[in-house]
1. Give region A:10-44 a look and list any residue that's assigned to a helix (DSSP H, G or I), without any contact (Cβ under 8 Å) to a residue 40 or more places away in the chain and among the hydrophobic types (A, V, I, L, M, F, W, C), or say none.
2. Which of the residues belonging to region B:99-117 are among the hydrophobic types (A, V, I, L, M, F, W, C), surrounded by fewer than 21 Cβ atoms within 10 Å (Cβ to Cβ) and either within 10 Å of another protein chain (Cβ to nearest Cβ) or within 14 Å of the chain's Cα centre (by Cα) (or both)?
3. Checking the structure you have, find out if any residue of region C:60-82 is over 23 Å from the mean Cα position of the chain (by Cα), farther than 26 Å from B:VAL73 by Cα, more than 14 Å from chain B (Cβ to nearest Cβ) and in a strand (DSSP E or B).
4. Which condition from (1) surrounded by fewer than 21 Cβ atoms within 10 Å (Cβ to Cβ); (2) in contact with an Asp or Glu (Cβ under 9 Å, 6 or more places away or on another chain) is the one that C:MET186 breaks?
5. For the structure I just gave you, tell me whether C:ARG53 is under 23 Å from B:GLY92 (Cβ atoms), part of a loop (DSSP other than H, G, I, E, B), at the interface with another protein chain (Cβ under 7 Å from one of its Cβ atoms) and touching a residue at least 12 places away in the same chain (Cβ under 8 Å).
6. Between a first residue in region B:4-19 that is over 8 Å from B:LYS144 (Cβ atoms) and a second residue that is in a helix (DSSP H, G or I) and at pLDDT 85 or above, which pairs have beta carbons less than 6 Å apart while being 6 or more apart in sequence or on different chains?
7. What are the residues in region A:135-149 that are facing chain B (nearest Cβ under 8 Å) and either within 21 Å of the chain's Cα centre (by Cα) or of a type in the set (Lys, Arg) (or both), if any?
Amino acid sequence: MSATAPVLDGLLLESAADEHGKNGFHHRHVCAPKSLLAIAHAFDAAGFFLEMLTAEDRRADLEKMRLVYTWNRFGAVERHLLTCDLEVGASAPTIVPATSAADWMEREVYDMYGVRFDGHPDLKRILLPDDSDFHALLKDFGRIEDAPAPDDAEDA
Amino acid sequence: MRFGLLEDLLNKARANSLWPLTFGLACCAIEMMAAGAARYDLDRFGAGVFRPSARQADVMIFAGTISKKMAPVIKQLWDQMPAPKWAIAMGGCTIDGGPFKYPNQYAIVEGADKIVPVDVYIPGCPPRPEALIAGILKLGEKIKAGRRFKG
Amino acid sequence: MLEETRDDAAMGERYVLNMGPQHPSMHGVLRLRLELLGEEIQEAEAIIGYAHRAHEKMAENRIWPMFLPNTSRVDYLSGMIYNLAYCQAIEKMLELEVPERAEYIRVIASELNRISSHLLWLGTYVMDIGGLTPFLYAWDDREQILNILERITGSRLTYSYGRFGGLTMDVDDVFVKQTEAFLERMKGRLVEYDKLVRQNVIFIQRSEGVGVIDAETCRRYGVTGPSLRAAGVAYDVRKDEPYGIYDRFDFEVPTATAGDSLARYDVRIREMEQSLRIIAQGLKDLPDGPIMPDKPKKKFKPPEGPTYFAVEAARGHFGMYLVSDGGETPFKIKLRTPSFSNLSAMPEVLRRTMVADTIAIVGSIDIVLPEIDR
């Protein structure tokens, strides 16, 4: 497989080399939601694979939902961290046309964070029961300090 | 009465040939399989014949954490088992949620006895194969004494 | 949808078959929804989530050290590797130095764990195909490893052996002797497995050409581990992104080219051989010294920001994406597990295969459901 550099000109808001030995990333990038698919195609064309896709609930400090992608290569390892901040409630474009790995990964982000991906072939929950009415990894859900008081009558 | 002797014989037979359902959920399943393997050999207790179908099994060994998504499946399998049937809760997760129990846990059912009546509880995380064997023998004692939950 | 290239009307209508989540094929609680036309799978859907235990939420809810018991339960067959991976990730974030002796023991323990995972896979995979005997042999070999590790760690399966900066307990001469004896024993056993399994006609017929996953498919789905190496790509985190002291060890990364189930079997056998090599080197070079730093870290607040740390688990590339907000509790820990990506390729791989091969194919990629569902 080809080991070329991804052509990301004009697609990123910020980009910088990083110290892999310190944090595990060779490069860090920030992009806007509209560039996600083009960036994904660029990485795919350069022989990279989508290593990880997740999200961070940054509503408390940034009032945004952050999408986090890492792209990497087999062999000449080069980890690119790509973050993309979304307005709360906004959706992101799917990158499934660029890489099939995003199919399940985007479903997991939807399941855990409630972020929708426009154009995803079948955006449905993947881990939680289908009839769940919550998104598990949001910061205002499921915290220990919010647990209901134990019922005294219930057998522990 | 003569029927008492027959019931005793039947219970001895049931206790010495418990056929478990192949039902591993998580980590405990590995120790359950190890109990069935060569070193610990569950077969010498008559319980080595794991049945894939619930309709042919008489004991359901819950081996692993019960997630909320899995709970209805478990109930369905339990209902499919014909009486007399027994349940063994193997491992901390099936007793009360084990290492995954914490206040406001959203994903798991904290204990198998929230779904089915459990006959024997085996603590451990995971319990050693010997512990599982001890649990099965304990269940055997319970059966021979003629005690079980109805249905 | 697929084009219909033959007279499907004559074959009858599609039949939907549900496999699992309770199923005798021992892969955990996986549910496969298969659409069949006759014996051939037209569409396959993998439905997961039946082992979702909220690991990532637990990480966010409690302090950093409290995630240690979770680690080996994520993939309990590579439990040692996962547990040590979390320790190493924290050590990276805190820039902790690990004593030499601890590093060597970590490598030895991890490779023993890898061998025990592959042995378990060997037993269950051949059992899936119908060979019941190798299961008993492979699991007995595995018991030897479990004995060795239990004597040191107290655990057979879900280890919590690592600590931030080192290990809980030291190993002794008995450990070294037992491990050397095991290495000797395994040499002979691998020859037996070759004769019993690899040269068996039925085994070959049920594995050769079955479930081919090529390198490009692997890349598209992020498949790593033996499945990727069986497709010809020599990617192994221990070589390509070395961690710990793996760069001091002399070992090969076995690959095959066919990408079928037989190739995956061969790669795993040869990986076990390489692990034996690594362990032998580790025992030879094992230095004296402490296994924990003078001032071990028990409570800490890692610096703010994200970190990614990867290891080569038995199933492939296990990565941890840890985000600290400078506090005692993680802001986020994302577990990038190899089985999740490996299984995501299955619906495509299973298309147009025979339903009788489904179990063999899914078995040959070696998945552990709790690490998929987390």
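1. A:ALA38, A:ALA42
2. B:ILE115, B:VAL116
3. no
4. (1)
5. yes
6. B:ARG14/B:ILE143
7. The answer is A:ALA136, A:PHE141, A:GLY142, A:ARG143.
Residue-by-condition table, conditions (1) closer than 20 Å to C:ILE108 by Cβ; (2) of a type outside the set (A, V, I, L, M, F, W, C); (3) at pLDDT 95 or above:
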residue: C:GLU216; (1), (2), (3): no, yes, no
residue: C:GLY222; (1), (2), (3): no, yes, no
residue: C:GLY232; (1), (2), (3): no, yes, no
residue: C:TYR235; (1), (2), (3): no, yes, no
residue: C:ASP240; (1), (2), (3): no, yes, no
residue: C:ILE245; (1), (2), (3): yes, no, no
residue: C:GLU252; (1), (2), (3): yes, yes, no
residue: C:ALA256; (1), (2), (3): no, no, no
residue: C:GLY259; (1), (2), (3): no, yes, no
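The values are calculated or read from the model by the stated rules, or taken from the named source; none is laboratory data. What you see is a predicted model; the values in this text were computed from it and never measured. Heads up, the Cβs are rebuilt from the backbone with ideal geometry, glycines too, and the neighbour counts pull from every protein chain shown.
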